[in-house]
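Bear in mind that the values in this text are calculations on the coordinates, not laboratory data. As the structure is a computational prediction, the values presented were derived from the model and not from experiment. FYI the Cβ positions are ideal-geometry reconstructions off the backbone, even for glycines, and counts take in every protein chain you see.
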């Protein structure tokens, strides 16, 4: 084998194993964050895109309950000091499929209400991933002419199967995800 062929082969191996690969899968992300208010409250609207993988959908259809946790934080910017936290929220949405009734049940934050029912998987996924009109703080907690920002993050909680079945179904850990923090600034 010639020295050039050996160099090209060695270079090919180094490039193949030495360079990091970018994942082909689309990552979950926060989109369409809107901050608005009523006369009494600051409200946020947003959605999480690409949060359902095929493996996750198959697990949900197999009856495994899946919980998404959304973190929402409101801060007032302050110069020469740490930003002041006005409020922080943790919101949970859980989806469970009933194989017998062929119905999806979506519950919101354990609010004591009956879970919403959906016969259409797409509508159930929209109910999970769209957050609309979430009260972040009362308007009287804000000061006029000050800068504020809202940070939002979504996380899929680790699936807990009964009787330590997660050791048998190791694939469930493959669809854990967490989005980056998404920030939106505003002036009151």
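A few notes on this one:
- Here each label is just a point 7 Å from Cα along the line to Cβ, and for residue 38 and residue 62 those points are 4.2 nm apart.
- Computed E for residue 185/residue 92 - FRET, C-beta separation, R0 25 angstrom, nearest 0.05: 0.40
- In this rough spin-label picture, where each label sits 7 Å from Cα along the Cβ direction, the residue 139-residue 45 distance is 1.8 nm.
- Sorted by Cβ neighbour density within 10 Å, fewest at the top, the residues 152, 126: 126, 152
- Counted by neighbouring Cβ atoms within 10 Å, the residues 187, 43 run from fewest to most as 187, 43.
- Spacing of the modelled spin labels on residue 101 and residue 27, each 7 Å from Cα toward Cβ, amounts to 3.8 nm.
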